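The values are calculated or read from the model by the stated rules, or taken from the named source; none is laboratory data. Small disclaimer: the values here were computed from a predicted structure and weren't measured. When we count neighbours, we look across all protein chains shown, and the Cβ atoms used for this are built from the backbone with ideal geometry, even at glycine.
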Amino acid sequence: MKRITAMAVGFLLCSRLAYCQYHVRGIIMDAQSHEPLTGVIVMDVHNKTGTATQMNGTFSINLFNKEDSLLVSYTGYLKKIVRADNHHLVISLQPSLTALNELVVTASRTAQKRTDVPVAISVISPTMIRQTKPVTLDQVLNKVSGVYMVDLGNEQHTMDIRQPIGFGSNYLYLEDGIPIRTVGDFNHNALIEINQADVDRIEVVKGPSSSLYGSDAVGGAVNFISKKPAAIPDVEWTMEGSNWGYRRTDFTASNTFNKTGVLLSGYYADQQGGYMTHDNFHKLALTAGIDQQLSEKAKLTGEATWINYYTDMPGGLDSAHFFSKNYKTFYTFTNRTVHAWRARVTWDQKWSEHQQSFLTFYYRNNAIGQNPFYRIKTTSDPLKANGEINNDFFQSYGILGQYDRKFQLWDTRLIAGIQAEATPAGYVANYISVDRNAAGFFTNYTKTDSLLTDYHVNLLNGAAYIRLQTSPMENLRIIAGVRYDQLDYNFRNHLPASAFTGAPDGKNDFSQITPKIGFTYDFGNDRGIYANYSIGFAPPDMSDLYNGVKIPFLQPARFFNYEAGGWLSFSDHKGYADVSLYRMNGRNEIVSVRLADGYEINQNAGKTLHYGVEYEVRYKPFSQWQFRLSGTNVEHRFVEYIQNGKNYNSNEMNDAPHWIMNTEATYYPGFLKGFDASLEWEHISSYYMDQANTQKYPGYDVFNARINYTWKKFECWAKLINVLNTNYATLAQKTAYNVTYNPGLLRTLYIGIGYHFSNDTKK
């Protein structure tokens with residue numbers, strides 16, 4: 001009888017409990033982009049039970065009653081408590097000011113805390129991008145410590161990250177972890193091929209990353225993280241223009257329909273009638289993406305991007321024109337065109353709580369056509385010159401796969417991956433005869449049937465990598481990794497040995513093992529240190545090996561990097577600081593050399609040395625003010641380098657400023673919600689313009705101002721670039737016969753408006 005009574009009581013209690021349970025479903029997203037967030041922890045405050053969001057940002061939890069509250073927490077975001085008074089919740093999270101604990105993906109191709117990786121990594125958040133409203137990517141990338149992206153006009157650029165300003169293959173540009181261009185065909189203007197309207201955030205890893213990404217990841221790797229389809233209907237449109245004839249419009253539209261998310265984004269930019277002659281351009285960029293949730297643990301993602309770009313190429317100014325502020329270029333017909341499209345499909349699978357993997361198939365199709373100013377050479381006839389029209393093209397077929405396994409012992413994580421890529425590529429250049437008038441202006445040209453270059457290369461790249469992360473003791477995390485790369489260049493020349501490019505048919509093979517080892521130690525309270533040792537390598541590009549040579553002669557460059565640093569959050573959690581110190585020894589570094597006739601070639605330097613310190617401080621002393629300081633102090637030297645019989649040992653490398661600094665103060669007035677204003681100071685110190693260290697460029701200081709105002713679904717902004725109208729050069733170079741200056745923006749006012757529609761029924 002007692003047993004029957006106990007069973008009856010138990011049945012009644014279970015029935016009561018089941019009756020009182022309150023089932024809640026929901027989706028959690030970023031408050032600004034409305035993208036769903038994966039892995040968000042959702043806790044029942046009263047009963048201490050919890051769950052986490054799935055790949056599509058959704059969650060499901062049983063509560064005792066609807067009076068309960070949910071604590072929502074996610075790395076890099078402010079915690080939030082919401083009432084569970086609805087069966088279906090839409091919750092938005094705001095990013096936190098202290099960026100030390102945000103998630104990054106570039107360091108291991110998978111999400112992890114920034115403070116868990118022993119590398120110098122910086123993140124440009126969606127908030128920073130929205131506040132900056134960058135017209136060109138340098139306007140936001142140069143806010144990162146240790147980064148100087150050189151604006152060459154109309155989205156053309158080159159880079160300086162732990163290297164002097166140069167045009168060689170020392171940087172890897174990625175889109176969602178996939179290189180934008182193929183290995184072996186580096187272009188310093190690669191970021192022309194980025195759709196800025198589709199960029200959600202940017203991660204910059206400074207120093208060699210070859211142990212994970214392979215070749216070219218020497219000075220740094222810049223990863224552009226694409227926008228993802230919003231969890232709710234979301235449409236954004238902006239339009240802006242400048243006083244120098246720049247016009248641009250951007251749009252993004254996305255939504256998630258049940259288990260399918262779709263996104264379309266793009267922009268069109270046009271420049272006409274600027275202060276510099278022969279400097280017009282236009283660009284159309286479009287991206288379409290889709291996320292298909294196959295199950296709670298599987299997702300299929302696809303994206304395709306198309307770029308159509310044209311620009312005039314005015315070249316640099318000589319000393320007389322630059323210092324007299326005469327922005328009339330000597331070139332009247334030089335130009336560059338870019339036609340590129342790429343697509344990828346990724347399958348993400350979470351096999352269990354301890355195992356996950358992804359597999360990506362990708363394709364690229366790219367062609368860059370040029371009538372370049374830097375190929376125009378004068379002759380003994382003052383009214384004649386010669387030049388070339390060229391076309392550099394390739395297609396790529398690639399696969400990238402990675403497996404991630406966690407073990408309980410010492411919180412160990414093993415990551416292994418493979419990558420393979422086949423790239424048929426080619427290069428064709430026609431000789432042109434150029435007319436020059438008595439004033440020195442290149443006025444016209446005649447294309448000839450004479451071929452300077454005509455070759456094809458079948459490039460094969462295979463790689464495998466492995467990475468181990470473990471914590472043998474509390475607060476200490478050790479990370480070690482190694483990658484093996486094999487690159488095969490199969491070269492076929494369609495011209496005879498007597499041609500400008502006369503290299504014989506043949507095969508060049510390069511293989512490399514690149515290790516990396518490091519550790520982080522967390523002292524608690526957002527304070528910690530890290531150190532690492534890594535090797536990076538950069539094989540010569542196809543154009544370096546074969547274009548304009550009779551016999552390929554370049555060797556791969558190798559870099560040995562020693563690095564240490566630390567981070568701390570201020571005790572009041574109103575800001576943070578981080579610092580990195582590094583020393584990098586280069587061997588066979590490929591440097592750009594301009595010959596006496598103006599022709600530019602790449603050569604191996606024997607030994608080089610690069611060392612410096614990078615630092616960033618962000619602080620918000622009051623709710624209405626925020627300050628940021630980003631800087632680097634560096635030294636770049638030749639250790640052993642003899643070129644054309646001249647000894648440059650111990651000389652400073654050319655185009656290598658010692659101090660690069662960017663600082664900004666931002667004001668958020670309490671009396672006007674949605675308004676912010678900022679003042680920015682950019683500083684570039686002096687540097688030698690030539691390898692012989694005979695002449696210096698004094699550097700420059702430029703001030704920029706910006707205001708933004710958002711009211712409901714509308715926003716407007718104004719940016720004043722170069723407030724003091726300083727006459728400065730973003731790059732100054734000296735050759736045996738000339739000094740050229742690439743002029744920076746004169747005082748330029750940008751004004752823009754925008755409209756952002758979304759479903760605001762969220763908590």
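Looking at segment 448-461, can you tell me whether even one residue there is within 30 Å of K406 (Cα to Cα) and crowded, with 16+ Cβ neighbours inside 10 Å? I'd like the intermediate steps shown before the answer.
So the first thing to find is which residues in segment 448-461 are within 30 Å of K406 (Cα to Cα), and the list is 461.
Those left that are additionally crowded, with 16+ Cβ neighbours inside 10 Å: 461.
Taking every residue of segment 448-461 in turn, at least one turns out to be within 30 Å of K406 (Cα to Cα) and crowded, with 16+ Cβ neighbours inside 10 Å.
For residues that are hydrophobic (A, V, I, L, M, F, W, C) and not in a strand (DSSP E or B), scanning just segment 478-524, find the one that is farthest from the chain's Cα centre (by Cα).
Looking only at segment 478-524, we keep the residues that are hydrophobic (A, V, I, L, M, F, W, C), and these are 478-480, 482, 487, 491, 495, 497, 499-500, 503, 510, 513, 517, 519, 523.
Imposing the further condition that a residue be not in a strand (DSSP E or B) reduces the set to 495, 497, 499-500, 503, 523.
Working: L495: 38, A497: 40, A499: 39, F500: 36, A503: 35, F523: 31 Å.
In this case the residue turns out to be A497.
Filter segment 106-143 for residues that are under 16 Å from D676 (Cβ atoms) and outside any loop (DSSP other than H, G, I, E, B) and give the result.
Restricting attention to segment 106-143, the residues satisfying the condition of being under 16 Å from D676 (Cβ atoms) are 125-134, 140, 143.
P126, T127, M128, I129, R130, Q131, T132, V140, listed by residue number.
If I ask for residues that are in a strand (DSSP E or B), surrounded by 15 or more Cβ atoms within 10 Å (Cβ to Cβ) and not β-branched (V, I, T), which ones from segment 374-394 would you list?
First pass over segment 374-394, keeping only residues in a strand (DSSP E or B): 377-378, 384-394.
Adding the requirement that they be surrounded by 15 or more Cβ atoms within 10 Å (Cβ to Cβ) leaves 378, 385-394.
Scanning segment 374-394 gives A385, N386, G387, E388, N390, N391, D392, F393, F394.
How many of the residues in segment 397-445 are closer than 30 Å to L383 by Cα, over 30 Å from the mean Cα position of the chain (by Cα) and not β-branched (V, I, T)? I'd like the intermediate steps shown before the answer.
Step one: list which residues in segment 397-445 are closer than 30 Å to L383 by Cα, which gives 427-445.
This time we only want the ones that are over 30 Å from the mean Cα position of the chain (by Cα), so: 429-445.
Now restrict to residues that are not β-branched (V, I, T): 429-431, 433, 435-442, 444-445.
Number of matching residues: 14.
How many residues does segment 525-536 contain that are part of a strand (DSSP E or B), surrounded by fewer than 24 Cβ atoms within 10 Å (Cβ to Cβ) and touching a residue at least 40 places away in the same chain (Cβ under 8 Å)? Before you say what the answer is, go through the steps one by one.
Here is the first cut: in segment 525-536, the residues part of a strand (DSSP E or B) are 527-536.
The next check asks that each one be surrounded by fewer than 24 Cβ atoms within 10 Å (Cβ to Cβ); those that pass are 527-529, 531, 533, 535.
Those still in the list that are touching a residue at least 40 places away in the same chain (Cβ under 8 Å) too: 527-528, 531, 535.
Matching residues across segment 525-536 total 4.
What is the residue count in segment 177-192 for residues that are out of contact with any Asp or Glu (no Cβ under 9 Å at 6 or more places or on another chain) and either assigned to a loop (DSSP other than H, G, I, E, B) or touching a residue at least 60 places away in the same chain (Cβ under 8 Å) (or both)?
Of the residues in segment 177-192, the ones out of contact with any Asp or Glu (no Cβ under 9 Å at 6 or more places or on another chain) are 177-178, 188, 190.
Cutting the leftovers down to either assigned to a loop (DSSP other than H, G, I, E, B) or touching a residue at least 60 places away in the same chain (Cβ under 8 Å) (or both) gives us 177-178, 188.
Here the count works out to 3.
Residue by residue through segment 399-426, note down the ones that are of a type outside the set (V, I, T), farther than 12 Å from A464 by Cβ, assigned to a strand (DSSP E or B) and touching a Ser or Thr at 6+ places or on another chain (Cβ under 8 Å).
Pass one, segment 399-426, residues of a type outside the set (V, I, T): 400-411, 413-414, 416-417, 419-422, 424-426.
Imposing the further condition that a residue be farther than 12 Å from A464 by Cβ reduces the set to 404-411, 413-414, 421-422, 424-426.
Next, only the ones that are assigned to a strand (DSSP E or B) stay: 404-407, 413-414, 421-422, 424-426.
D404, K406, R413, E421, A422, A425 - these are the residues of segment 399-426 that are of a type outside the set (V, I, T), farther than 12 Å from A464 by Cβ, assigned to a strand (DSSP E or B) and touching a Ser or Thr at 6+ places or on another chain (Cβ under 8 Å).
Can you say whether Q355 is within 24 Å of S242 (Cβ to Cβ), touching a residue at least 12 places away in the same chain (Cβ under 8 Å), among the polar types (S, T, N, Q) and surrounded by fewer than 21 Cβ atoms within 10 Å (Cβ to Cβ), as far as the supplied structure shows?
Details: within 24 Å of S242 (Cβ to Cβ): no; touching a residue at least 12 places away in the same chain (Cβ under 8 Å): yes; among the polar types (S, T, N, Q): yes; surrounded by fewer than 21 Cβ atoms within 10 Å (Cβ to Cβ): yes.
No.
Counting just the residues of segment 680-705 that are of a type in the set (D, E) and more than 30 Å from Y755 (Cα to Cα), which one comes out surrounded by the fewest Cβ atoms within 10 Å (Cβ to Cβ)? Please lay out each step first, then the result.
Restricting attention to segment 680-705, the residues satisfying the condition of being of a type in the set (D, E) are 680, 682, 690, 701.
Still in the running and more than 30 Å from Y755 (Cα to Cα): 682, 690, 701.
Numbers: E682: 23, D690: 18, D701: 13.
Of everything passing the filter in segment 680-705, D701 is surrounded by the fewest Cβ atoms within 10 Å (Cβ to Cβ).
Would you mind telling me which numbered condition in (1) among the aromatic types (F, W, Y); (2) assigned to a loop (DSSP other than H, G, I, E, B); (3) under 23 Å from H188 (Cβ atoms) W244 fails?
(3)
Please enumerate the residues belonging to segment 253-277 that are surrounded by 19 or more Cβ atoms within 10 Å (Cβ to Cβ), of a type outside the set (G, A, S) and either farther than 19 Å from T136 by Cβ or not assigned by TED's automatic domain parsing to the domain that holds A340 (or both).
Selection gives T256, L263.
Residue under question is N458, and the condition is that it be closer than 23 Å to T423 by Cβ, touching a strand residue (DSSP E or B) at 6+ places or on another chain (Cβ under 6 Å) and in the same structural domain as R375 (by TED's automatic domain parsing); does it hold?
Values: closer than 23 Å to T423 by Cβ: yes; touching a strand residue (DSSP E or B) at 6+ places or on another chain (Cβ under 6 Å): yes; in the same structural domain as R375 (by TED's automatic domain parsing): yes.
So N458 passes the test.
Within segment 677-700, track down each residue that is among the acidic types (D, E) and at pLDDT 95 or above.
Pass one, segment 677-700, residues among the acidic types (D, E): 680, 682, 690.
Listed by number, the residues that qualify are E680, E682.
Would you mind stating whether I529 is β-branched (V, I, T), assigned by TED's automatic domain parsing to the domain that holds A429 and under 28 Å from D488 (Cα atoms)? Show your work before the answer.
Working: β-branched (V, I, T): yes; assigned by TED's automatic domain parsing to the domain that holds A429: yes; under 28 Å from D488 (Cα atoms): no.
No; evaluated as a whole, the condition is false for this residue.
Cβ-Cβ distance below 6 Å, separation of 6 or more or different chains: which pairs start in segment 81-92 with a residue that is modelled with pLDDT of 80 or more and of a type in the set (S, T, Y) and end on one that is in a strand (DSSP E or B) and buried (at least 18 other Cβ atoms within 10 Å of the Cβ)?
Cβ pairs passing all conditions: S92/M29.
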